[in-house]
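Read through the structure below, which is laid out as C-alpha cells, and then see the notes.
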Amino acid sequence: MTAPQKSELLGLDIQELTVLVQDAGEPAYRARQLFEAIYRQRVHSLEEISTLPIEFRRALAERAVTVGQPRIESQYLSSDGTIRYLIAFADGHSVETVWMPEGDGGEAGDGSEAGTEYEVPSTEYPVPSRESPSSVLGTRNSVLGTRRNRATICVSSQVGCAVDCRFCLTALLGLQRNLSAGEIVGQVAAVLDERGVALERDRINLVFMGQGEPFLNYDNFIKAVRLLAEGLGIAESRMTVSTSGIVPRIYDLGREPLRPKLAISLNASNDASRRELMPITRKWDLEQLMAAARAFPLRPRERLTFEYVLLDQVNDSVEAARELVELVRGIRAKVNLIALNPGPGIDFRTPAEERVLAFQQVLVKAGIPTFIRRPRGRDIYAACGQLKLSVA
Ligand code: SAH
Ligand code: SF4
C-alpha cells in the first residue's frame, strides 16, 4: 500500500476546503470552521481545531493532511530592530521574510510615514548578527502584552528571481521556483506568530517586495492576497505590491476586486538607461509601462508609487531627475528613492547624500511627493535588493 499523498490546508480557499470536507463525507459548514481555524486563529496543528469533531480530525490526519505552516529556520536581528527571517518549506527551499518595526518609511499610501532621514551608507559589509532577537525585543509572550506592534512585513513571492536587474542580489540566485499561495501566506502567518501579533490590536502593513517578481507568479500571489485579506484579516489598503514592470499583469491587477496598492520599480528615466539596468525593458519599454501606469484605476486618495534605486553616477544626475519628472507628470503618484544597498557581486556604488538630496529636490520642486527610503537592516542583508539565501 502506498502512503497517502501529503496535503496542506494553508493556501486552500473556501471553495477548495468545501470540496475537501465533502469528499470526507462531512457537512459543508465544516469548511468555514477550517477556514477560520487556519487563517483567523492561525492554528499550527489539526488537534488545535477544537470546533471539529475528533473523528474528522483523525480522518484528516490519516489522509496525511496537515496545516502546513512553514518553519522559521533562522533569524537575524539588525541594530535598527529589523529582523530577517529565513523561512523553510517542506521541499527544503527557503526564502527571506523581513520584519520592519514602525514601517519602512515608504509604504504608507499617503506618504505620512515617510521620513527624509538619510543614513550615510557604509561601504563595508558587516558580518550578519546571529544574536537572538528575543534578548532585545522580548520573547513571544512578552510581546503579547499591552504594547501595540506597528510594523511592516516584507514578503517573498518566489525563490530567487528571473528578472535579472543588475543592481539586485536576489537576481544572482536566478529563479529557483514559484511559491504557492500557501507558502506566501505561510510566511506572514509564521512571522505574526513569532512576533506575537494580534491583528485586531496591532497595525501591520505588508509589502510584496521580498525575493521574486510577484507578477511572474501572479495567480498564486493574488490568491495569497485574498487569503491574507479574507482569512487573516489584513486590509487590502495595508498591502503594497512592487513590480519591475510586467505590463500585462498591471492591467490585470487594475481589474481585481480585491487588490493591494501598486508600486512600480522605475529605476531609470529613459529606455537606454533602463535597458542597461533592467533587461525586462527590452520586453516592455517605458512607453508601454507608463501607459499601464496611467491607465491604472486608482481609488479615492490612493497614489501609485514609483521606486527609483539611485546608483552613483549612473542614474542619479539632476538631468535624470528632470526626465523622471516628465515621465511621472500627470499621474497621482509619489516617488520613493532608495539609495543603493550594496552587496558582493554588485558593481554599483551608493551615491553620496548630497546627490540623493539634489535628486529629491528636483522632484519635490516639480510638485511630486518624493521620499527617501531609509535603509533597513542593511547590516544583516535585509534591505531592498539584498535578499539572497546564500548570504546567511
Ligand atoms: N521584484 C519586485 C519586488 C522586489 S524588489 C521589483 O523589482 O519591484 C523591491 C525593490 O528593491 C525594487 O524597487 C527594487 O528596484 C529595489 N532594489 C533591488 N535591488 C536593490 C538594491 N541593491 N538596493 C536598493 N534597492 C534595490
Ligand atoms: Fe527581481 Fe525585483 Fe531583484 Fe529585479 S529588483 S531582480 S525584479 S527581485
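Only the coordinates and a few stated rules stand behind these numbers; no lab work does. Predicted, not measured: the structure shown is a model, and the values here were computed from it. As a convention, Cβ positions derive from the backbone with ideal geometry for all residues, glycine included, and neighbour counts pool all protein chains shown.
If you average over every viewing direction, what projected area does the convex hull of the Cα atoms of region 171-273 give, in nm²?
Details: hull surface 31.2 nm².
Mean orientational projected area (region 171-273, Cα hull): 7.8 nm².
Between VAL309 and ASN267, ILE338, the built amide H atoms are under 5 Å apart, and every one of these is 5 or more places off in sequence or on another chain. Taken one residue at a time, the phi angles of region 256-267 give Karplus couplings (6.51, -1.76, 1.60, θ = phi - 60°) of 6, x, 10, 8, x, 6, 10, 10, 10, 7, 7, 6 Hz. Gly and Pro are set to x. In region 293-336, the convex hull through the Cα atoms has an average projected area of 3.3 nm², a quarter of its surface area. Run down the lysines and flag those whose C-alpha is under 22 Å from the C-alpha of LYS261, throwing out any fewer than 8 positions away in its chain. Within the straight-line limit of under 22 Å, LYS261 reaches these lysines: LYS223, LYS334. Here the alpha carbons of region 1-82 define both size measures, Rg and Dmax, at 15.4, 54 Å.
Taking the Cα centre of the chain as origin, work out the dipole magnitude from +1 charges on Lys and Arg Cβ and -1 charges on Asp and Glu Cβ, in debye rounded to 20. Don't skip to the answer; put the middle values down first.
Values: 47 positive and 50 negative charges, 128 e Å.
For this selection, approximately 620 debye.
Annotation: amide H of CYS161 within the under-5 Å range of LEU173, GLY174, LEU175, GLN176, sequence separation 5 or more or interchain, hydrogens built in the peptide plane.
Taking a point 7 Å from the Cα of ARG299 along the Cα-to-Cβ direction, none of the residues of region 6-24 has its backbone N closer than 15 Å to it.
Here the Karplus curve 6.51 cos²θ - 1.76 cosθ + 1.60, taken at θ = phi - 60°, turns the phi angles of region 32-41 into couplings of 5, 5, 4, 4, 4, 5, 6, 9, 7, 8 Hz, with x standing for Gly and Pro. Given ILE331, VAL19, GLY377, which one lies farthest toward the positive end of the charge dipole of the chain, if we put +1 on the Cβ of every Lys and Arg and -1 on the Cβ of every Asp and Glu? So the residue furthest toward the plus end is ILE331. By the count of other C-beta atoms within 10 Å, a proxy for reagent exposure, VAL197, VAL318, VAL362 are ordered fewest to most as VAL318, VAL362, VAL197.
Spin-label pair LEU199-LEU357: with each label point 7 Å from Cα along the Cα-Cβ axis, the two points sit 4.2 nm from one another. Spatial offset of region 174-245 relative to region 349-373 amounts to 30 Å, using the alpha carbon center of each.
For the chain, CYS154, CYS161, CYS384 stand unpaired, since no other cysteine beta carbon lies under 4.7 Å from theirs. The alpha-carbon atoms of the chain define a convex hull whose volume equals 146 cubic angstrom per residue. Simple point charges give the picture: +1 on the Cβ of Lys and Arg, -1 on the Cβ of Asp and Glu, and for region 252-305 a dipole about the Cα centre of about 240 debye. 3J(HN,Hα) along region 334-349, derived from phi through the Karplus expression 6.51 cos²θ - 1.76 cosθ + 1.60 where θ = phi - 60°, amounts to 10, 10, 9, 8, 10, 5, 3, 8, x, x, x, x, 9, 8, 10, 10 Hz, with x in place of Gly and Pro.
Amide H contacts of VAL65: SER7, each under 5 Å away and 5 or more positions distant or on a separate chain (H built 1.01 Å from N in the peptide plane; Pro and chain starts excluded). Towards the positive end of the charge dipole of the chain, with charges on Cβ (+1 Lys, Arg; -1 Asp, Glu), say which of ALA352, ALA229, PRO300 has the farthest Cα. Of the candidates, PRO300 comes out farthest on the positive side. Residue exposure proxy: TYR85, TYR251, ordered by other Cβ atoms within 10 angstrom of their Cβ from fewest to most, comes out as TYR251, TYR85. For a modelled paramagnetic label at ALA235, 7 Å from Cα along Cα-to-Cβ, the residues of region 253-268 in reach, with backbone nitrogen under 16 Å, are 258-262.
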